[in-house]
Amino acid sequence: MSIRFDAKQFCSEPSLQNLQGRIISKDDWKFVAYYFDTTYERSHTKEMLKNLVIQELTNRNLLPEEAVAVCTPLSCHGSDSQISEDIPQYQEKNPYPEPWSEARLEFEREKLQLELKEREKEIVN
C-alpha cells in the first residue's frame, strides 16, 4: 500500500526512504524543486521533473547515488535499452503503390484544370 508523500517533511529530511512507496504528485515535485532552487520548465512532465529533482539532490549529496537507479529506473541505462528493444520500430511505408499515386496526381490535375475552365467561363459571363 502506498503512503502519501509529505513534501515539507521530505525537504527538511531528504532521504530515499521518504521517496520509496509514496504517492508523489507533480505539484509535490514542483514544491521540492522550488525548495532546493532547482530550475525546471513548466512544460516538463512529472517524470522529467522527478528525474531532474532526484539527479539534483544526488549531485548535492542529499540523496545516495542509488536513488537515481531506484527512483528513476526508466532513466538508467539498462532499462532504456530493454524498453527500446521491446517496442517495434516504426517504418514509414507508402500505403499507395507508386503507379496509383501518379494516377491520383493526374486525376487531381485534370480536376483542377476543369475547375479553372469553369471559373474562367463564369468570369467571362
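The values are calculated or read from the model by the stated rules, or taken from the named source; none is laboratory data. Quick caveat, the model's predicted, so the values are computed rather than measured. Reconstructed Cβ throughout: ideal geometry from the backbone, glycine too, with neighbour counts over all protein chains shown.
General observations
- Filtering segment 2-19 to residues that are part of a loop (DSSP other than H, G, I, E, B) and more than 13 Å from K50 (Cβ to Cβ) leaves S2, D6, E13, P14, S15, L16, Q17, N18.
- Total residues in segment 33-63, condition closer than 22 Å to Q17 by Cβ and either touching an Asp or Glu at 6+ places or on another chain (Cβ under 8 Å) or surrounded by 13 or more Cβ atoms within 10 Å (Cβ to Cβ) (or both): 18
- Number of positions in segment 13-39 that are at pLDDT below 90, of a type in the set (A, V, I, L, M) and under 20 Å from A69 (Cβ atoms): 3
- Within segment 28-47, being over 19 Å from T72 (Cα atoms) and part of a helix (DSSP H, G or I) holds for Y34, Y35.
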